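First up is the structure itself, then whatever we jot down about it.
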Amino acid sequence: MSAKNKGTAIVILNWNGCHYLKRFLPSVEAYSQLPEVSVVVADNGSTDESIAWLRENHPSVRIIALDGNYGFAGGYNRALRQVDARYYVLLNSDVEVTAGWLPPLIAMMEKDENTAACMPKIKSESFRDSFEYAGAAGGFMDRYGYTFCRGRLFDTLEKDNGQYDSETEIFWAAGACCIVRASLFHDVGGFDDAFFAHMEEVDLCWRWKNAGYSIRYTPDAAVYHVGGGMLPQNSPFKTFLNYRNNLLMMYKNLPRRCRCRRLLLRRLLDCLSGIRGLLSGTSVLKTVLKAHRDFRKMKRAYQGMKAPEDFPSCVYPKSIVYQYFVKRETVIDPSKLCLHD
């Protein structure tokens, strides 16, 4: 992807989401009428009426029809190879954008060539004064690979009272809505196809940060996310992907000096989480063990990768699990987030 490429492409990945396209695509078109901005729907082999409906009702929207469901990671990788732009806006089909949402994101990218990605404030479409699970006010990670957000720790969601109304560096930008620099996306190989879905955006941002680039959050843009559009929160497959992909991500990106130790501890914590679920009547432990088996098989493909020398910035130097479940902290002091481990 050459530096001469111009413009911004809003790329919506769709899989059997015609009901979401009908509901939210009109707002995307209405609030994205800017020079050199195009809207693309990448269809992941939908079997519903998505493509027919798009052709009939939104003829100006470009359709990239993939021949199967390649998940979030593989679907975007295949689609973005066919999109010529300077910036990609990755947008879930279940996101409602707002007036003025796009210029602040583009401005953040224009301000610093070292910025690989930037995300807006993501709030709940159903509870509009609250942050939404998948991104909230910027993604972070603790020293043991647990991801969380400003405005969301595990299942605790904060109301938006302006407490995160400052631009800041973050660890990861939400795949539900973010703008990325196209050249850097391709330079690092895009998403990891093997992830299929979940954690692929965290892995990508970690690789960018290992390469010296920054990830940003701006409160000047806001969107509303339904959530669970691809896989519902209680889906066993979603739980499996989260556990497995988190371990793969850590194996790929942790400094070699601490990788074995932290992966061992993380797997123990996963098992404790599974046992806790077993005691409460769920089958999470079975899912955890299956995820660990898959991880052991799949990690072989990454054994030749060069490990980073150190942690990038914005790794929370404590255990978010301990802070939340033992100390009962539901809000983390933002001044303690952007630190080196």
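Since every read-out is calculated from the coordinates, none of them should be taken as a lab result. Note that the structure is predicted; figures quoted are calculated from it, not measured. Because the Cβ atoms are built from the backbone with ideal geometry, glycine has one as well, and the counts that use them run over all protein chains shown.
For the reader, a short list of remarks on this structure follows.
- Within the range 58-124, the trypsin sites (Lys or Arg not before Pro) that combine a DSSP coil assignment with at most 16 other C-beta atoms in a 10 angstrom radius are Arg81.
- Antiparallel content of DSSP bridges confined to the chain, in %, to 5: 45 percent
- Loop sites in the range 253-306: trypsin sites (Lys or Arg not before Pro), DSSP, at most 12 other Cβ within 10 Å: Lys306
- Tilt relative to the chain, helix 18-30 - C-alpha long axis, 0 to 90 degrees, to 10: 60 degrees
- On Cα atoms only, tilt of 256-279 relative to the major axis of the chain in degrees: 90 degrees
- CD proxy at 222 nm, helix term only [per DSSP H run n ≥ 4: -39500 (n - 2.57); per residue of the chain; nearest 500]: -10500 deg cm²/dmol
- Think of the chain as having a plus end and a minus end, set by charges on the Cβ of Lys, Arg, Asp and Glu; of Cys271, Tyr76, Leu13, Cys271 sits farthest toward the positive end of this dipole.
- Magnitude of the charge dipole for the chain, about its Cα centre and with charges confined to Cβ atoms of Lys, Arg (+1) and Asp, Glu (-1), is about 1740 debye.
- Qualifying aspartates and glutamates (Cα of each under 12 Å from Cα of Lys159; at least 8 residues distant if same chain): Asp129, Glu132
- To the nearest ten degrees, helix 200-210 and the longest principal axis of the Cα atoms of the chain are 80 degrees apart.
- For Val37, the residues whose modelled amide H falls within less than 5 Å of its own, excluding neighbours fewer than 5 places apart on the same chain, are Thr8.
- Three-way shape label, the range 56-131, alpha-carbon gyration tensor, a/c 1.5: oblate
- Karplus-based coupling profile of the range 235-240, in residue order and whole Hz: 6, x, 5, 5, 4, 4, with θ = phi - 60° in 6.51 cos²θ - 1.76 cosθ + 1.60 and x standing for Gly or Pro.
- Spatially, the range 258-326 and the range 21-39 are offset by 39 Å when compared through their Cα centroids.
- Each residue of the range 65-72 is assigned a 3J(HN,Hα), and the resulting list reads 9, 7, 8, x, 8, 9, x, 5 Hz, derived from the Karplus form 6.51 cos²θ - 1.76 cosθ + 1.60 (θ = phi - 60°), x at Gly and Pro.
- Above-threshold pairs, the threshold being 32 Å between Cα atoms, out of Lys238/Lys336; Lys290/Lys327; Lys22/Lys336; Lys111/Lys299: Lys22/Lys336; Lys111/Lys299
- Label assignment, mean projected area of the Cα convex hull in nm² derived from the structure, set [x] 16.6; [y] 23.1; [z] 18.5: [x]
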